[in-house]
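J.: Once you've had a glance at the structure underneath, I'll fire off some questions.
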Amino acid sequence: MSALVELPITRCRLTIAAEAPTTLPPFPGPTLRGALGYTLRRLVCATHMPACAPCPLRFSCAYPLLFEPFMPPDRPAASRYTRPPTPFMLEVPFHSEPFLRGEELRPLTMAPGETLTFGLTIIGPARDHLPYYVYAVMKMARNGLGGRHQPFRLLRVEQLIPQGPRVIYQEGGKYVEHLPAPTMPMPIPILSSSRLAIRFVTPARLDLGKDLIYPIEFHHLIQAIRHRVMALDASYGLLNGFHPDPGLIEAARSVRRVEDRTRWLDLRRYSTRQKTPMRIGGAVGIVVYESEGTFEPFAPLLALGELLHVGKLASIGLGRLEVNAP
């Protein structure tokens with residue numbers, strides 16, 4: 001692998017432990033995101049206004065920077081993106097194999113002392129508030145998760161840097177160490193084969209225009225990754241001058257989908273704002289693509305897709321993918 005571009009991102013791995021018997025949904029992303037957002041807002045909101053939009057602190061407060069970002073009017077992209085994409089992604093444990101075998105997904109049951117490890121990737125200026133987010137996770141865990149708000153403990157937080165994981169918080173510690181990480185190199189895989197397997201680890205909810213896309217052709221995937229990457233770049237300066245060739249979308253149309261072992265999985269989440277359950281489905285499983293040449297031209301975009309997810313609702317962990325070449 002080689003590194004092509006340095007990205008302004010911070011990646012962390014957090015481990016919490018159950019203090020009582022607990023049941024979480026099979027896909028705990030919405031539960032974690034909802035609890036973290038609720039806790040963080042209560043911790044850091046200084047004005048106590050009912051909404052962030054009219055708040056004079058909306059461009060500097062730790063909560064809207066992460067959960068309800070606003071585009072500063074002086075940014076060149078302000079006219080195109082009235083609301084920037086959410087600058088974080090959760091990576092939650094999820095196993096789709098039972099569903100792909102035709103079985104029902106089972107809730108995640110945890111005994112006291114069992115641990116749950118999840119990832120948090122933050123993009124752009126919100127990274128400066130990492131200690132606030134860690135403290136919010138600590139409070140969130142104490143307040144409890146799941147329908148019965150069963151308590152957890154935050155055991156440790158590791159910041160993932162090029163030299164390897166570095167513990168920045170350990171249970172019982174008096175402060176959160178924040179390692180300065182202005183950029184992180186993005187490894188580019190060598191894709192010299194004419195075949196490529198993409199595994200959608202969590203539901204990939206691709207929305208191009210008004211329609212959800214399924215099955216996922218290769219040009220759909222490349223277009224969705226590029227759209228997300230360009231929106232993040234316009235909002236947070238993600239790419240540091242590197243811009244994917246728009247001609248890759250047309251080139252991707254010649255790639256054939258030769259094997260498809262995916263299924264559409266409908267998950268449910270409860271929308272606090274809309275006061276109603278919502279479906280958040282997407283494709284899970286493996287697709288094999290075949291090209292007349294190699295997949296080298298697409299390697300940078302695919303690497304970005306692995307790191308930043310693809311499609312809708314990446315903040316709760318949807319759209320996580322893995323690239324595998326023979």
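J.: Given (i) 21.3, 65; (ii) 18.7, 58; (iii) 19.8, 59, which label gives Rg and Dmax of the Cα atoms in Å as computed from the coordinates?
T.: Structure-derived value, by its label: (iii).
J.: Can you tell me which of ALA299, ALA111, ALA51 moves the most in a GNM of the chain? Springs connect C-alpha atoms under 10 Å apart.
T.: So, out of ALA299, ALA111, ALA51, the one fluctuating most is ALA51.
J.: Answer rounded, prolate or oblate for the stretch 188-292, using the Cα gyration tensor with square roots of eigenvalues a ≥ b ≥ c: rounded when a/c is under 1.5, else prolate when a/b is larger than b/c, else oblate.
T.: Numbers: a/c = 2.26, a/b = 1.26, b/c = 1.79.
Oblate is the answer for the stretch 188-292, as a/c is 1.5 or above yet b/c matches or exceeds a/b.
J.: Taking the Cα-to-Cβ direction at ARG268 and at ALA53 and moving 7 Å from each Cα, how far apart do the two end points lie in nm?
T.: 3.0
J.: Also, I was wondering about something else. Only Cα pairs within less than 10 Å get springs; with that Gaussian network setup on the chain, which residue of PRO87, PRO162, PRO187 has the largest fluctuation?
T.: Its mean-square fluctuation being the largest, the pick is PRO162.
J.: Tilt of helix 218-236 relative to the longest C-alpha principal axis of the chain, in degrees (0 to 90, nearest 10)?
T.: Approximately 40 degrees, to the nearest ten.
J.: Classify the stretch 18-109 as rounded, prolate or oblate, taking a ≥ b ≥ c as the square roots of the eigenvalues of its Cα gyration tensor: rounded when a/c is under 1.5, otherwise prolate if a/b is larger than b/c and oblate if not.
T.: Working: a/c = 4.16, a/b = 1.83, b/c = 2.27.
The shape class here is oblate.
J.: Okay, next question. On full extension of the chain, what length is gained from TYR214 through HIS95, given 0.36 nm per residue of separation minus the C-alpha to C-alpha distance?
T.: 40.8 nm
J.: Would you mind telling me which residue in MET138, MET186, MET278 has the biggest mean-square fluctuation in a Gaussian network model of the chain, where springs connect alpha carbons within a distance under 10 angstrom?
T.: MET278
J.: Filter the GluC sites (Glu not before Pro) in the stretch 6-107 down to the DSSP loop ones having no more than 11 other Cβ atoms within 10 Å, then list what survives.
T.: On the way: sites: GLU6, GLU19, GLU91, GLU103, GLU104; in loops: GLU19, GLU103, GLU104.
Sites meeting the loop and neighbour criteria: GLU103, GLU104.
J.: Also, I was wondering about something else. Using only the alpha-carbon atoms, how far is helix 130-143 inclined from the longest principal axis of the chain? Give it as 0 to 90 degrees, nearest 10.
T.: On a 0 to 90 degree scale, this one is about 70.
J.: Per-residue ellipticity at 222 nm for the chain, helices alone: DSSP H runs ≥ 4 residues times -39500 (n - 2.57), over residue total, nearest 500 deg cm²/dmol?
T.: Value at 222 nm, helices only, nearest 500: -7000 deg cm²/dmol.
J.: Pop the C-beta distance of GLU177 and PHE242 into the FRET formula with R0 = 30 Å and round what comes out to the nearest 0.05.
T.: 0.50
J.: Sticking with this structure for a sec: Using R₀ = 35 Å, calculate the FRET efficiency as 1/(1 + (r/R₀)^6) where r is the Cβ-Cβ separation of ASP128 and THR23; round to 0.05.
T.: Numbers: r = 36 Å, r/R0 = 1.03.
That pair, ASP128 with THR23, gives E of 0.45.
J.: Does anyone have the angle between helix 29-44 and the longest principal axis of the chain? Alpha-carbon axes, 0 to 90°, nearest 10?
T.: 50
J.: Grab the beta carbon distance between ALA111 and GLN163, set R0 = 41 Å, and tell me the FRET efficiency rounded to 0.05.
T.: Values: r = 35 Å, r/R0 = 0.85.
Working from the Cβ atoms, E equals 0.70.
J.: Which shape class, rounded, prolate or oblate, goes with the stretch 53-210 when its Cα gyration tensor gives a ≥ b ≥ c as root eigenvalues, a/c under 1.5 marks rounded, and past that a/b bigger than b/c marks prolate?
T.: Here the stretch 53-210 falls in the rounded category.
Read-outs throughout are calculated quantities, based only on the coordinates presented, and are distinct from any laboratory measurement. These figures come from a predicted structure and were not determined experimentally. So basically every Cβ, Gly included, is an ideal-geometry build from the backbone, and we count neighbours across all protein chains shown.
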